[in-house]
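Accompanying notes for the structure given below.
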Amino acid sequence: MRQYYKVFLALLLSCHAQLKAQVRLPQLISDGMVLQRDQKIYIWGWAAPHENVSIKFNKKIYKTSASAVGKWTTTLSALKAGGPYDMQIDATNHILLKNILLGDVWFCAGQSNMVINMERVKEKYPDDIINADYPLLRNFFIPTASDVQRTHDDLPPGKWVTANSKDVLSFGAVSYFFARHLFNKYHVPIGIINSSVGGTPIQAWISENGLKSLDLYAKRIAELKDTAYYNRISRPYVSANAGKPGNKQTDKGLTGAKPWFDTTFVPQGWHNFWLPGYWADQGVKGLNGIVWFRKEINLPAAIAGKAAKLFMGRIVDADHTYVNGKLVGNITYQYPPRRYEIPAGLLKAGKNIIVVRVTNTFGKGGFVPDKPYYLTAGDFKLDLRGDWQYQVGQVFESSGAGLPNSFSAQSEPTGLYNTMVAPAVPYKIKGVLWYQGEANSGKPSEYAKLLPALIADWRTVWNQPNLPFIYAQLPNFMEVQYSPSQSQWAELRESQLKTLSVPNTAMAVAIDAGEWNDIHPLNKKDVGERMALAAQRVAYGDKNVVASGPLLQSATVQGKQIVLSFTETGGGLVAKGGGELQQFAIAGADKKFVWAKAEIEGNKVIVYNEEINQPLYVRYAWADNPEGANLYNKEGLPASPFRTDKP
């Protein structure tokens, strides 16, 4: 019996050793991947210490062995674009990867405007989605992960997907239009690695080495490495009053005899509300809490029983939306568009009731103006803007002192580099696409250091000193100001513009692609395609392409006029839409800017104001939302905002 147990134990240990010896691959190296053409290809993974590994690819066999810590690497020969190929990896186990392409791989990163996928813009681009049939375009979306204390060996789980009418909905919209444009131009496979997280600052995407020359961030990184300090700040905050009797607040809309979304509920004492709008602008000042909105609509018999779709624009912040007493949708934060499916059988002829329960914890709650608010079924469309009723369900009490700042690793220096960049660095790429800046708009001058630092850092870690780096300039956003004014968004755009001094970079101007009421504008096609034009220049060497809108080259004072010269004029300067140039301001030594006349003469712009006898400075499109900015080249690309006065 003792001998039996010895044999059993030996077999168990052998099986355990073999299990540990199983070769494992990083997330990016998987079925459907796109490998970078014309470069030696780095393949890596993990196995048992000193285990022999064999890789067969394109009729060649490459042999390597794992190190003492169980990591193995090998380098494959450079190959031209093509595929599909299979890759066979053998050790104590066998892995077969299929449908591999050789083409161009772009690392696409940033915050929410790089995250936003085709599903979010499907109403704007229905034909682009229906006609998406690009088996040679592949996308790998990296799930969010963050860590400020160490770099990770691998990415969170993900997979490569192909651009078809179903899966394209998960592609980032900017990166999809970028990739499609390049594919249609060069007809080589395009791989997108989308590594982006909404609301994140640029410093979270830079490595420790990349930030070491910036004292503020180097000091913060050192703090976060202090385990005791880190444990203290990362511990979830619990209110001192949590759980105490008498602090529980309830929503009257859910706790009465009948919930307020019930079709038999009879509203009494409700107030009028014009939708869309914010309740702070309609008589409910200083309220954070839950407010219910209600509207009765009449539908024709032809709509009864049909499936429909309800568009409720955008809501600040969270909502639960009911139709005839049934929950049809719920979104927990303000940015996604509300597009709710109404199932067949729910609508009826005659009176129907729509109820929206809105929860807001900060700022102005309500319905964002200039968004779609309607119900549609087939060819039928009912506008829902206009008179609604509202009632307050719950008021959130304020502590007065406010909550302490909550710790978020994804907002800290290195917090996203460690988890969503570093593990991808061994994967060879063609270039970088970057769309970010909103989260740093409060410190625009600092961004002038951080963006070049990011570029230098990523070129260093990828060991590609001239790695093409293409970025989007921030679009127009927020309320229009009708007099020349100061603007942090304009200052951040200036920091982005200055970064063009870094070699092998390009910037896509998006000053006409925004929305005043949405930090996530839907026009992603223009941005993606402009970034692709920039890529044609800096990554593909096409010197003939007009890759940018006009960029200020010089400003010369000539009497009462200032003469502006530009690069990137293409076929010539134009005022888009005809008429006079707009959004030019001029000032003398006092820097008190006033609107100016601006006229195109050849590839120059002459700026003046008869009231300014000794002009010194000019600004163009210098505002959060410079409505009407219309200096373009004939190729239809907008000029970058600029100023000639120095801060």
Residues satisfying the stated conditions in segment 284-311, i.e. more than 23 Å from residue 264 (Cβ to Cβ), touching a residue at least 24 places away in the same chain (Cβ under 8 Å) and not aromatic (Phe, Trp, Tyr): 284, 287, 288, 289, 300, 302, 306, 307, 309
Mind listing whichever residues of segment 361-387 are in contact with a strand residue (DSSP E or B) (Cβ under 6 Å, 6 or more places away or on another chain), of a type outside the set (Gly, Ala, Ser) and closer than 15 Å to residue 284 by Cα? 364, 367
Going through segment 215-229 in order, the residues found to be in contact with a Leu (Cβ under 9 Å, 6 or more places away or on another chain) and within 9 Å of residue 149 (Cα to Cα) are 221
Kindly indicate whether residue 577 is within 30 Å of residue 118 (Cβ to Cβ), small (Gly, Ala, Ser), open to solvent by less than 50 Å² (accessible area, probe 1.4 Å) and not in a strand (DSSP E or B). no
Return yes when residue 166 is charged (D, E, K, R) and out of contact with any Leu (no Cβ under 7 Å at 6 or more places or on another chain) and no when it is not. yes
If I ask for residues that are touching a residue at least 40 places away in the same chain (Cβ under 8 Å), under 10 Å from residue 475 (Cα atoms) and either buried (at least 21 other Cβ atoms within 10 Å of the Cβ) or under 16 Å from the mean Cα position of the chain (by Cα) (or both), which ones from segment 513-522 would you list? 514, 515, 519, 520, 521
Pick out the one residue from 328, 356, 368 that is at pLDDT 95 or above and open to solvent by less than 10 Å² (accessible area, probe 1.4 Å). 356
Of the residues in segment 123-164, how many are in a loop (DSSP other than H, G, I, E, B) and open to solvent by 60 Å² or more (accessible area, probe 1.4 Å)? 10
Selection within segment 291-314 - at pLDDT 95 or above, among the β-branched types (Val, Ile, Thr) and surrounded by 17 or more Cβ atoms within 10 Å (Cβ to Cβ): 291
Taking segment 184-217 on its own, how many of its residues are of a type in the set (Val, Ile, Thr), surrounded by fewer than 24 Cβ atoms within 10 Å (Cβ to Cβ) and in a loop (DSSP other than H, G, I, E, B)? 1
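Condition test on residue 592, is it without any contact (Cβ under 8 Å) to a residue 12 or more places away in the chain and either closer than 30 Å to residue 531 by Cα or not aromatic (Phe, Trp, Tyr) (or both)?
For residue 592, the condition - without any contact (Cβ under 8 Å) to a residue 12 or more places away in the chain and either closer than 30 Å to residue 531 by Cα or not aromatic (Phe, Trp, Tyr) (or both) - is met.
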For segment 70-87, pairs from a residue that is touching a residue at least 24 places away in the same chain (Cβ under 8 Å) and under 21 Å from residue 23 (Cβ atoms) to a residue that is in a loop (DSSP other than H, G, I, E, B) and open to solvent by 40 Å² or more (accessible area, probe 1.4 Å), with Cβ under 6 Å and 6 or more apart or across chains, are 70/49; 75/40; 85/58
Check residue 335 against each of (1) hydroxyl-bearing (Ser, Thr, Tyr); (2) touching a residue at least 40 places away in the same chain (Cβ under 8 Å); (3) within 22 Å of residue 282 (Cβ to Cβ) and name the one condition it does not meet. (3)
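What number of residues within segment 91-133 are closer than 30 Å to residue 60 by Cα and in contact (Cβ under 8 Å) with a residue 60 or more places away in the chain?
Adding up the residues that qualify gives 15.
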Count, please, the residues in segment 133-188 that happen to be of a type in the set (A, V, I, L, M) and over 21 Å from the mean Cα position of the chain (by Cα). 3
Can you confirm whether residue 639 is touching an Asp or Glu at 6+ places or on another chain (Cβ under 9 Å) and surrounded by 21 or more Cβ atoms within 10 Å (Cβ to Cβ)? yes
Residues of segment 581-603 that turn out to be open to solvent by less than 90 Å² (accessible area, probe 1.4 Å) and either at positive phi or not in a loop (DSSP other than H, G, I, E, B) (or both), as a count: 11
Please enumerate the residues belonging to segment 611-621 that are open to solvent by less than 10 Å² (accessible area, probe 1.4 Å) and either hydrophobic (A, V, I, L, M, F, W, C) or closer than 16 Å to residue 493 by Cα (or both). 618, 620, 621
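Yes/no per residue for (1) at pLDDT below 95; (2) closer than 17 Å to residue 629 by Cα:
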residue: 486; (1), (2): yes, yes
residue: 491; (1), (2): no, yes
residue: 495; (1), (2): no, no
residue: 501; (1), (2): no, no
residue: 504; (1), (2): no, no
residue: 508; (1), (2): no, yes
residue: 512; (1), (2): no, yes
residue: 529; (1), (2): no, no
residue: 541; (1), (2): no, no
Within segment 529-570, can you find the residues that are under 16 Å from residue 601 (Cβ atoms) and under 33 Å from the mean Cα position of the chain (by Cα)? 550, 552, 553, 566, 569
Is it the case, given these coordinates, that residue 414 is in contact with a helix residue (DSSP H, G or I) (Cβ under 9 Å, 6 or more places away or on another chain) and either at positive phi or free of Cβ contacts under 8 Å to residues at least 24 places away in the same chain (or both)? yes
Residue among 645, 624 that is within 24 Å of residue 513 (Cα to Cα), open to solvent by less than 60 Å² (accessible area, probe 1.4 Å) and in a loop (DSSP other than H, G, I, E, B): 624
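A quick yes/no check of all residues on (1) at pLDDT 95 or above; (2) out of contact with any strand residue (DSSP E or B) (no Cβ under 8 Å at 6 or more places or on another chain); (3) assigned to a loop (DSSP other than H, G, I, E, B); (4) open to solvent by less than 30 Å² (accessible area, probe 1.4 Å):
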position	(1), (2), (3), (4)
7	no, yes, no, no
15	no, yes, no, no
28	yes, no, yes, yes
32	yes, no, yes, yes
35	yes, no, no, yes
73	yes, no, no, no
80	yes, no, yes, no
85	yes, no, no, no
88	yes, no, no, no
Could you list, in sequence order, the residues of segment 255-270 that are under 16 Å from residue 390 (Cβ atoms), in contact (Cβ under 8 Å) with a residue 12 or more places away in the chain and surrounded by 10 or more Cβ atoms within 10 Å (Cβ to Cβ)? 260, 261, 267, 270
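The values are calculated or read from the model by the stated rules, or taken from the named source; none is laboratory data. Computed from a predicted structure; not experimentally measured. For neighbour counting, all protein chains shown are included, and Cβ atoms are generated from backbone atoms with ideal geometry for every residue, glycine included. For the accessible areas, the whole protein counts, side chains as well, though only heavy atoms, and no ligand, DNA or RNA atoms are used. Shrake-Rupley method; radii C 1.70, N 1.55, O 1.52, S 1.80 Å.
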